Amino acid sequence: MDTNTRAAQGLTRPMAILIAALVISFTLASMKRAYAATTVPNASKITVTLGSGADSGFYSFPTSKAPFILMGGVGSAGGYLGAGHAVCDYNNTSGYNYFSWNSNDAPSSYSTSPAETKEGYTYPGDSSGRNFLTIAYANYAYLKTAFDGSGNPSGFRVHNDWGSSATYVILEIW
């Protein structure tokens, strides 16, 4: 056996271990991506049809002490369009309930002006039913805060300001 053959045989085992380690690493990396792709957040779809000037029933916020997303849009309303979304936080602990949001509203006109971005919060005793997310063109439909029997913010209602009945779709993701 010559010197080159012995040197090559001495490298065979370390090379096999290195290749096995690479295969295991790539396998684990791809499994992590596959797990992330199959882990789906909780979601709820609400479809509501309202007459002109009507409010929907009460819908509870989906979770407490964790951010969630509300998205809304026009399902059918005489050819009009619109969609908006809000990132929300709801906390109902320690005797002090609050609801805060940061939203990107549906456009207020057909012009090239951008949609409005707004943020705000509501708290116990603030029973004004604040418009926190516009979901239809020209502010014809929006989500507004709703309160439980103790005056705490704990949900929302959909309001229709169109001159006729319309259907809206709301998606909650938490």
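The values are calculated or read from the model by the stated rules, or taken from the named source; none is laboratory data. Model, not experiment: these values are computed from the prediction. Glycine gets a Cβ as well: all are built from the backbone with ideal geometry, and neighbour counts include every protein chain shown.
With respect to Val169, determine if the residue is under 19 Å from the mean Cα position of the chain (by Cα), under 12 Å from Gly72 (Cβ atoms), touching a residue at least 40 places away in the same chain (Cβ under 8 Å) and surrounded by fewer than 20 Cβ atoms within 10 Å (Cβ to Cβ).
Spelling it out, Val169 is indeed under 19 Å from the mean Cα position of the chain (by Cα), under 12 Å from Gly72 (Cβ atoms), touching a residue at least 40 places away in the same chain (Cβ under 8 Å) and surrounded by fewer than 20 Cβ atoms within 10 Å (Cβ to Cβ).
For the range 4-60: of the residues being of a type in the set (Phe, Trp, Tyr) and outside the structural domain of Ala166 (by TED's automatic domain parsing), which is modelled with the highest pLDDT?
Per the stated criteria, the residue is Phe26.
Look through the range 126-157, keep the residues that are in contact with an Asp or Glu (Cβ under 7 Å, 6 or more places away or on another chain) and aliphatic (A, V, I, L, M), and return whichever of them is surrounded by the fewest Cβ atoms within 10 Å (Cβ to Cβ).
For the range 126-157, the residue satisfying everything is Leu133.
Looking only at the range 48-76, count every residue that is at positive phi and surrounded by 15 or more Cβ atoms within 10 Å (Cβ to Cβ) and tell me the total.
0
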